[in-house]
1. Name the residue, out of Thr3, Thr32, Thr24, that is hydroxyl-bearing (Ser, Thr, Tyr) and touching a residue at least 60 places away in the same chain (Cβ under 8 Å).
2. Counting only residues that are open to solvent by less than 50 Å² (accessible area, probe 1.4 Å) and out of contact with any Pro (no Cβ under 7 Å at 6 or more places or on another chain), how many does the stretch 411-434 have?
3. Looking only at the stretch 207-228, decide whether some residue is touching a Ser or Thr at 6+ places or on another chain (Cβ under 9 Å), open to solvent by 10 Å² or more (accessible area, probe 1.4 Å) and acidic (Asp, Glu).
4. Does Asp263 satisfy the criteria of being assigned to a helix (DSSP H, G or I), open to solvent by 10 Å² or more (accessible area, probe 1.4 Å), without any contact (Cβ under 8 Å) to a residue 12 or more places away in the chain and not aliphatic (A, V, I, L, M)?
5. Could you say whether any residue in the stretch 128-140 is of a type in the set (Lys, Arg) and in contact (Cβ under 8 Å) with a residue 24 or more places away in the chain?
6. How do the pairs read when you match residues in the stretch 207-231 that are more than 28 Å from Pro407 (Cα to Cα) with residues anywhere that are among the aromatic types (Phe, Trp, Tyr) and open to solvent by 20 Å² or more (accessible area, probe 1.4 Å), using Cβ under 8 Å and keeping only pairs 6 or more apart or on different chains?
7. Could you run through the stretch 19-70 and say how many residues are over 25 Å from the mean Cα position of the chain (by Cα) and assigned to a strand (DSSP E or B)?
8. Out of the residues in the stretch 466-481 meeting the condition of being open to solvent by 80 Å² or more (accessible area, probe 1.4 Å) and within 12 Å of Gly130 (Cα to Cα), tell me which one is modelled with the lowest pLDDT.
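The values are calculated or read from the model by the stated rules, or taken from the named source; none is laboratory data. Only a predicted model underlies this, so the values are computations on that prediction, with no experimental measurement involved. All Cβ positions, even for glycine, are placed from backbone atoms using ideal geometry, and neighbour counts span all protein chains on display. Heads up: the accessible areas ignore ligands, DNA and RNA and are worked out on the full protein's heavy atoms, side chains in. Shrake-Rupley method; radii C 1.70, N 1.55, O 1.52, S 1.80 Å.
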Amino acid sequence: MKTVHHWIGGKAVEGASGTFGPVTDPATGERTTRVAFASVEEVDAAVAAAKEAFLSWATSSLAARTTVLFRYRALLDSHREELARLITAEHGKVHSDALGEVARGLEIVELACGITTQLKGELSSQVSSGVDVASIRQPLGVVAGITPFNFPAMVPMWMFPLAIACGNTFVLKPSEKDPSAAFLLAELAAEAGLPAGVLNVVNGDKVAVDRLLEHPDIAAVSFVGSTPVARHIHAVATAHGKRVQALGGAKNHMLVLPDADLDAAADAAVSAAYGSAGERCMAISAVVAVGATGDELVQKIVDRAAKIKIGPGDDPASEMGPLITKAHRDKVASYVEGAAGQGARVVLDGTGFTVEGHEKGHWIGLSLLDHVGTDMDAYRDEIFGPVLCVLRADTYEDGLALINSSPWGNGTAIFTRDGGAARRFQLEVHAGMVGVNVPIPVPVGYHSFGGWKDSLFGDLHIYGNDGVRFYTRGKVVTTRWPDPSEGGVDLGFPSHK
C-alpha cells in the first residue's frame, strides 16, 4: 500500500510517529493509501527547516525568487494531468473538475511570478529639508497553511506561492483525506529549484494543527475550512500572537427575480449546487425565488438534474463523482432524510443512489428541497454536498433581508435583467463576493477571495492584494543625510550656507 510521508528540508522524510490515517478511493470505498501523521517533534523539525531557510530566502533578490516561480509554473503546467489524476483518485471529483482546480491554482502561481510590481514601495522626497521618507514591505518569517480536502491542490496554491514570493518560508498541513497532491506540489517546487526548507509539508491531524497554532516561530497562519474550525484557528493562533486569515463555511444564496432568464438561472443553479458534488464553499446551496418564479424554476431545475451523469471521477462520461468519505456521505443524506419531517417538500431524493459495479463507493444523488424554511436544519447548516434548498420570497426586499440575516456571508448571486436591481443588490447584500448573473463569483487571481461575517475570521482575504499584505508587513524609513558641504571629507561641494 502506498504511504504518503512528509516533505521537510527539501526532501521526503518518513513519518516517525507510528500513527497513520487511511486514504480511500471514494468511487470504490477501498483503502488505497495511508498517510503518516506528524508528531509534535516532526512539526518542530519542519518549522526549524523553514526558519533556517528564511535567513537566506528573505534576503534573496526578487529576480531569484521569480526565476524559481516561473520554472515552477512551467512544471505545474506540464504535470496538470498527473495532479488531476491524484485529485480524482483521493477526492473523487471528476477529471474535468480536477483539471479546473489545477488551472485556478496556477492563476495564483502566475500572480506570484509578477510579485515584483506588488512589492514596490513608496518614496516621498524632501518632506523636510534634506529628509526623505520611504515605505517598504518585508516578509514575516515562517508562515503556515492549513488546507481542506475539497481542493487539495488549488487551496495550497492559493497560499504558499504568494507567501514565498514575498520572501517567507512555508509549512503546509494539507488535509489528511487526500494528501498526495500537496506532496507532488512540494516535489515539483524542489525540481524548479526552490531552496531546501522554503516549502515544507507535514501531514497529520489535530496534533499537527495544534502545534502549528502555538509554535513560537510561526508568524502567521492561513486556513480554509469549516466555520467552527476557522473560529477555533483564529482564536488560538491570535492568542499566541500570530497573524491569521481563517476562511470558514458558507450558505451561499442565489436570488432569482421575476424578470430573470429562468433557463439561465436553472442552468446556473444546477451547475453551482451540484458541481464537484457540492463540496465547495462557493456552491449555491440556497435559491431564493422571488414572486411567482418558484414553481417554474423548480421544474426547470428538475429537468436539468435528471440529465446529470453521476459516476467514477475517472470515467469521461461522469459529470459528478462521489463524496469524499462514507461518514460525510451519511451526514449529507441525513439532511435530506429529515427534511420532510421539518416541513420541506422533497422534490428530488438522492439518498438511495448507487453506481452499478461500485456499490461500496460513497454515492449520493442530486437532492432538491422546496419550500424550505429558515428554521430547518437543511437551511441552517452547511451541508457540503449535492443538496439544493429553494426558499420563497414575495419581494426583492424580502429576499435581500433573508440573505442578510444569514450568519454566513461568503458569496451570493442575483439573476435579473434589471441593471438597477443588480446594482442595488451588489451594494446592499452582506457578502464578500457577489455575482450578477454569475452563480459562483470566485475572483480572478489579482482580486482577493474572502467573505464576511462567519465566513471569515481575520481582516485580510486570501490571494490578490490582500494576500500580499497578509504575507508582508510595512516599514517606514525616514532618512536624512548631511549635505557633503556640511563637513567631513572635502569633496569640493559648494556650501549652501
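1. On the way: Thr3 fails: touching a residue at least 60 places away in the same chain (Cβ under 8 Å); Thr32 fails: touching a residue at least 60 places away in the same chain (Cβ under 8 Å).
Criteria check complete, one pass: Thr24.
2. Residues meeting the conditions: 11.
3. No, the stretch 207-228 contains no residue that is touching a Ser or Thr at 6+ places or on another chain (Cβ under 9 Å), open to solvent by 10 Å² or more (accessible area, probe 1.4 Å) and acidic (Asp, Glu).
4. Working: assigned to a helix (DSSP H, G or I): yes; open to solvent by 10 Å² or more (accessible area, probe 1.4 Å): yes; without any contact (Cβ under 8 Å) to a residue 12 or more places away in the chain: no; not aliphatic (A, V, I, L, M): yes.
Criteria not met by Asp263.
5. So the first thing to find is which residues in the stretch 128-140 are of a type in the set (Lys, Arg), and the list is 137.
Now narrow it down to the ones that are in contact (Cβ under 8 Å) with a residue 24 or more places away in the chain: 137.
Checking the stretch 128-140: at least one residue is of a type in the set (Lys, Arg) and in contact (Cβ under 8 Å) with a residue 24 or more places away in the chain.
6. Val207/Phe37; Ala208/Phe37
7. 3
8. In the first step, residues of the stretch 466-481 are kept if they are open to solvent by 80 Å² or more (accessible area, probe 1.4 Å); the result is 469, 473, 475-476, 478, 480-481.
Add one more test, that the residue is within 12 Å of Gly130 (Cα to Cα), and what stays is 478, 480-481.
On the way: Thr478: 97, Arg480: 94, Trp481: 90.
Out of the qualifying residues, it is Trp481.
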